[in-house]
Amino acid sequence: FCGFSCTKAVATTLILKMVELKYLTLDEPICKRIWPEFAPSICPPPELFDALDEDDATITKKWQWKRSITLRHILTHTSGLWFATPPDLTIESLASLESCTMAFHHDPSKPEHTILPISKPGTTCAYHYISFGWLVGGCVIGSYREKHAHEKTYEEIFEELCGSLIPSAVEAG
């Protein structure tokens, strides 16, 4: 867990490189193009209303908040998802950024696992101590897939786009 905060700068470097290369922008809602699985429909899926322990109006409001989350919200710790962790987190799944990122997808077969923000994006700054890397990772993977029409892992994308920024062990001496 100590590594989570250390990797925030690396994840931010990669995603900002992708912004520079026009994979995505800071202010587009991430669910619209780069990560549609994040919140795939304009209206909340009907199964959420029975699965979540909140009234219909609150679920609808929070679904709309999720649909409005941008990369800027994530990078500034204002997405409203500071607390979010995958519901079935295990040591094995924790070791996989891709596995943890998928926990932010809406899965109609497990609506009770749907992660919704607790505050309107852009209104509350709360350090995303654990969810930051997963949220950035979802944007990295989704924007790469959208531009190239094929999947790569976060590590493969990092190596392709930022590998030259890090000197190899041989060069470092």
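The values are calculated or read from the model by the stated rules, or taken from the named source; none is laboratory data. As the structure is a prediction and not an experimental result, all values here were calculated from the model. Note that we place each Cβ from the backbone using ideal geometry, even for glycine, and neighbour counts take in every protein chain shown. Accessible surface is based on the protein model in full, side chains and every heavy atom, while ligands, DNA and RNA are left aside. Shrake-Rupley method; radii C 1.70, N 1.55, O 1.52, S 1.80 Å.
General observations
- Other residues whose C-beta falls under 13 angstrom from the C-beta of residue 106 contribute a net charge of 0, scoring Lys and Arg +1 and Asp and Glu -1.
- Considering only 21, 48, 97, the mean-square fluctuation computed in a Gaussian network model of the chain, springs between alpha carbons under 10 angstrom, is largest for 21.
- Gyration tensor verdict on segment 1-45 (Cα atoms; rounded if a/c is under 1.5, prolate if a/b is larger than b/c, oblate otherwise): oblate
- Using a Förster distance of 30 Å, the FRET efficiency for residue 47-residue 155 (Cβ separation, nearest 0.05): 0.35
- Shape call, segment 44-98: gyration tensor on alpha carbons, a/c limit 1.5: oblate
- Sites residue 123 and residue 162, calculated FRET efficiency, Cβ-Cβ separation with R0 30 Å, nearest 0.05: 0.40
- GNM top mover of 16, 52, 71 - the chain, alpha-carbon springs below 10 Å: 52
- Cut-off under 5 Å, modelled amide H: who pairs with residue 28 long-range: 71
- Of 37, 98, 151, the residue with the greatest mean-square motion in the GNM of the chain, using alpha carbon springs below 10 Å, is 151.
- Gyration tensor verdict on segment 32-151 (Cα atoms; rounded if a/c is under 1.5, prolate if a/b is larger than b/c, oblate otherwise): rounded
- Carbon and sulfur %, accessible surface of segment 53-133 computed with the full protein complex present, 1.4 Å: 58 percent
- Long-range lysine pairs (8 or more apart or interchain), segment 1-99, Cα under 25 Å: 11
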